[in-house]
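The values are calculated or read from the model by the stated rules, or taken from the named source; none is laboratory data. Nothing here was measured: the structure is a model prediction, and the numbers come from that model. Here Cβ is always computed from backbone atoms with ideal geometry, including for glycine, and neighbour counts include all displayed protein chains.
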Amino acid sequence: MHLDALTPVLVAIALAVVVIGWILRRLHQPSVVAYLIAGVVLGPFGLGLIENQDAIAQFGSIGVVLLLFFTGMEVSPRHWADIWKVIVIGTLLQIFLTLALVWLLGQVFDWAIERILLISFVLTISSTAVVIKLLQEWNELASPMGQRLLGILLVQDLAIVPMMIILGRFGEQTDSTAVYTAQIVCGIFITALAVWVTVKETIHLRFLQEFKKDQEMQLFTALLICFSLALLTGISHLSTALGAFVAGLVVGSAKETGWVQHNLESLKVLLIAFFFLSIGMLMDLQFLLENLPAISGLVLIAVVMNTLINLIILRSFRTSWRDSLYGSAVLSQTGEFGFVLASIALTAGIISDFSYQMTISTIALSLAISPLYIGTIRLWTHRVQLRA
């Protein structure tokens, strides 16, 4: 009897997620934590049942694209016009305050400027995938605080572009001018498209009338818009998630496709699970255990620093203490784009292989503990509100 090599892997993934998820549900933890732990257990540094990390990571990347696509369909860009100061100015303040604090640490430990920039950038970027997933599970994405946090995350994603450019300049890149030009042109186009959708609020995709009674073709047309814009921003060295989000704005504003999200929900759940599985597989348990004090210290510093900085910024915009603390906890983790920045830094010779492993281990552990930390702060702030 012939047995497909993929079948045992899928059984192992499903079994691990169900068992771990059942245990964590009883502890009132979100499914994200189950995916991360399952990735650690099944990955090459755990039981070694999954060796092809790249395939899982690729499926996970598609999941993030779909997550941002659906998020774009759900948000109301016009609402952001009322809170643009928090979103834009707040994010810029976060970047500069983080840079200032890391620069002071760099003076003490005699860090080179490029190392200071790398650490600052990695600390600044929160995890879009983790935050959106948690807010959706808690039905808070459409809340005023959820909209603020989503706006901040998207501005952070835009900030990735200059960060990559700055780090890349420390390496030897011969095509930098072409890359910068592509980023600028694509950035202008994507911004203009988002502004157009915001102003129009409701649009009609006339070509979908050709498939008026064929929902399958409408579904694939929506996916074509999603992945085309993701591809455009990707090949322009921007975030594919950014292109997918704007595609979501376009499709969400078109009344012809109001049912698309429901039809793709199950696929999104599956692919998002693969994304978090791939993050869990990055955690080299042996390296983590050998350097646990240092990595734990780095994670603690990152979480505390991000929480305090974001708390100060949100309070400065007259957000309540409860919402400010909760929002700062949500943004406290280091994000998945930190892996990209660390890879650029390694290629550019900014950090050594050991420092690279320390960086990705810190990011992965930060992502892993983030739902527990956020959930704890959320529970505490809700109890304080009830007692008030």
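Computed values, structure above
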| read-out | value |
| --- | --- |
| Of residues in the range 341-368 being hydrophobic (A, V, I, L, M, F, W, C) and surrounded by fewer than 18 Cβ atoms within 10 Å (Cβ to Cβ), the one farthest from Arg148 (Cα to Cα) | Phe354 |
| Set Leu36, Leu27: member being surrounded by fewer than 17 Cβ atoms within 10 Å (Cβ to Cβ) and either among the polar types (S, T, N, Q) or at pLDDT below 85 (or both) | Leu27 |
| Candidates Gly46, Gly60 - the one that is more than 19 Å from Val246 (Cα to Cα), at pLDDT below 75 and surrounded by 15 or more Cβ atoms within 10 Å (Cβ to Cβ) | Gly60 |
| Odd one out for Ile188 among (1) closer than 25 Å to Lys85 by Cβ; (2) surrounded by 22 or more Cβ atoms within 10 Å (Cβ to Cβ); (3) not small (Gly, Ala, Ser) | (2) |
| Residue count, the range 365-378 (criterion: farther than 14 Å from Ser328 by Cα and out of contact with any Ser or Thr (no Cβ under 8 Å at 6 or more places or on another chain)) | 3 |
| Qualifying positions in the range 283-336 - among the charged types (D, E, K, R) and under 23 Å from the mean Cα position of the chain (by Cα) | Asp284, Asp323, Glu336 |
| Candidates Leu231, Leu271, Leu311, filtered to the one that is of a type outside the set (S, T, N, Q), under 26 Å from Val64 (Cα atoms) and free of Cβ contacts under 8 Å to residues at least 60 places away in the same chain | Leu231 |
| Scan of the range 10-50 for residues that are assigned to a loop (DSSP other than H, G, I, E, B), free of Cβ contacts under 8 Å to residues at least 40 places away in the same chain and on the phi < 0 side of the Ramachandran plot, ordered by number | Leu27, Leu47 |
